[in-house]
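Heads up: the structure comes next, in structure tokens.
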Amino acid sequence: MFNLILFGPPGSGKGTQSERLIARYGLKHLSTGDLLRSEIAHKTALGLEAKGFMDRGELVPDAVVIGMIRSALDNNPEAKGFLFDGFPRTKAQSEALDALLAQREEAINVVLALEVTEEELVKRLLNRGLTSGRTDDVNEGIIRARIEEYHKKTSAVADHYRQFGKVVEVKGEGTVDDIFEALCAEIEKRKAA
Ligand code: B4P
């Protein structure tokens with residue numbers, strides 16, 4: 001199996017690049033953002049709980065997202081590997097993911113971290129907000145709150161995996177095609193190792 005985390009601040013291109021990476025490598029895509037938005041659309045109890053946090057640009061509680069990922073792993077025993085998109089977002093989520101994979105005698109192979117400046121992130125998300133219908137994309141204050149959450153809580157995820165030599169930084173500005181090729185080059189190196 002090959003397990004990959006696509007990491008980076010909100011708007012760095014995780015969702016965009018994930019679609020291409022799963023097509024090329026046949027990985028199962030697990031996006032906690034997509035899973036949460038699906039729960040909200042279906043008006044489940046979990047979705048109702050998550051919505052308030054997401055609308056404020058805050059992270060949803062760890063127990064909620066860890067439970068969702070545990071079920072997704074259980075429901076995909078045949079997967080050739082997983083692409084984790086937007087998860088883990090806290091140190092606790094990283095440790096929980098490592099434990100869930102270890103129970104399956106698996107581990108994270110690489111963390112690809114997309115690097116994008118804050119002004120570019122805000123520009124991209126406001127632009128997406130014009131058409132996405134996402135309540136967390138329309139207000140600059142909420143977007144900046146999401147970026148602040150990233151610096152406060154999510155950058156710890158990179159620190160966690162850096163101690164195992166698993167983090168590779170990739171420039172996330174430029175064309176979608178060029179960024180995709182840079183990500184693939186890093187994956188090929190790790191697969192060959
Ligand atoms: P997510 O759904 O993960 O969304 P995101 O971080 O906003 O976006 P992503 O990074 O995937 O978007 P992309 O850059 O591809 O999270 C939403 C919310 O859910 C969080 O704020 C949180 O509340 C909650 N949540 C999710 N997971 C959680 C967890 N594990 N724990 C707790 N809470 C959690 O796209 C952005 C835009 O940039 C697009 O319009 C795209 O077209 C554009 N773009 C992409 N690449 C580009 C390029 N190279 N050049 C120009 N534009 C580009």
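The values are calculated or read from the model by the stated rules, or taken from the named source; none is laboratory data. Here the structure is a predicted model, which is why all the values come from computation and not from measurement. In this analysis, Cβ positions are derived from the backbone assuming ideal geometry, glycine residues included, and neighbour counts consider all displayed protein chains. To get the accessible areas, we keep the full protein, side chains included, count just its heavy atoms, and leave off ligands, DNA and RNA. Shrake-Rupley method; radii C 1.70, N 1.55, O 1.52, S 1.80 Å.
For segment 1-15, how many residues are out of contact with any Phe, Trp or Tyr (no Cβ under 9 Å at 6 or more places or on another chain) and not in a loop (DSSP other than H, G, I, E, B)?
1
Any chance segment 101-112 includes a residue that's in contact (Cβ under 8 Å) with a residue 60 or more places away in the chain and of a type outside the set (A, V, I, L, M, F, W, C)?
Checking segment 101-112: at least one residue is in contact (Cβ under 8 Å) with a residue 60 or more places away in the chain and of a type outside the set (A, V, I, L, M, F, W, C).
G47 - would you say it is buried (at least 17 other Cβ atoms within 10 Å of the Cβ) and touching an Asp or Glu at 6+ places or on another chain (Cβ under 6 Å)?
Yes; evaluated as a whole, the condition is true for this residue.
What's the number of the condition K91 fails, among (1) closer than 12 Å to N3 by Cβ; (2) in contact with a helix residue (DSSP H, G or I) (Cβ under 8 Å, 6 or more places away or on another chain); (3) open to solvent by 20 Å² or more (accessible area, probe 1.4 Å)?
With respect to (1) closer than 12 Å to N3 by Cβ; (2) in contact with a helix residue (DSSP H, G or I) (Cβ under 8 Å, 6 or more places away or on another chain); (3) open to solvent by 20 Å² or more (accessible area, probe 1.4 Å), K91 is out only on (1).
Among the candidates L112, L59, which residue alone is under 13 Å from the mean Cα position of the chain (by Cα), under 27 Å from I142 (Cα atoms) and assigned to a strand (DSSP E or B)?
Being under 13 Å from the mean Cα position of the chain (by Cα), under 27 Å from I142 (Cα atoms) and assigned to a strand (DSSP E or B) holds for just one of L112, L59, which is L112.
Just checking, does segment 65-72 include any residue being within 8 Å of the ligand (Cβ to nearest atom), of a type in the set (S, T, Y) and within 18 Å of the chain's Cα centre (by Cα)?
Checked against the condition, which is being within 8 Å of the ligand (Cβ to nearest atom), of a type in the set (S, T, Y) and within 18 Å of the chain's Cα centre (by Cα), segment 65-72 yields no hits at all.
Scan segment 145-176 for residues that are more than 12 Å from the ligand (Cβ to nearest atom) and assigned to a helix (DSSP H, G or I) and jot them down.
Once the filter is applied, which keeps residues that are more than 12 Å from the ligand (Cβ to nearest atom) and assigned to a helix (DSSP H, G or I), segment 145-176 yields H151, K152, S155, A156, A158, D159, H160, Y161, R162.
Under 7 Å by Cβ, and 6 or more places apart or on different chains, what pairs join a residue from segment 37-59 that is free of Cβ contacts under 8 Å to residues at least 60 places away in the same chain with one that is within 12 Å of the ligand (Cβ to nearest atom) and among the acidic types (D, E)?
L46/E39; G47/E39; A50/E39
Residue under question is G33, and the condition is that it be part of a helix (DSSP H, G or I), within 25 Å of I187 (Cα to Cα) and within 14 Å of the ligand (Cβ to nearest atom); does it hold?
Yes: the conditions hold for G33.
Quick one: in segment 60-79, which of the residues that are without any contact (Cβ under 8 Å) to a residue 24 or more places away in the chain and among the polar types (S, T, N, Q) is surrounded by the fewest Cβ atoms within 10 Å (Cβ to Cβ)?
Among those residues, the one meeting the criterion is N75.
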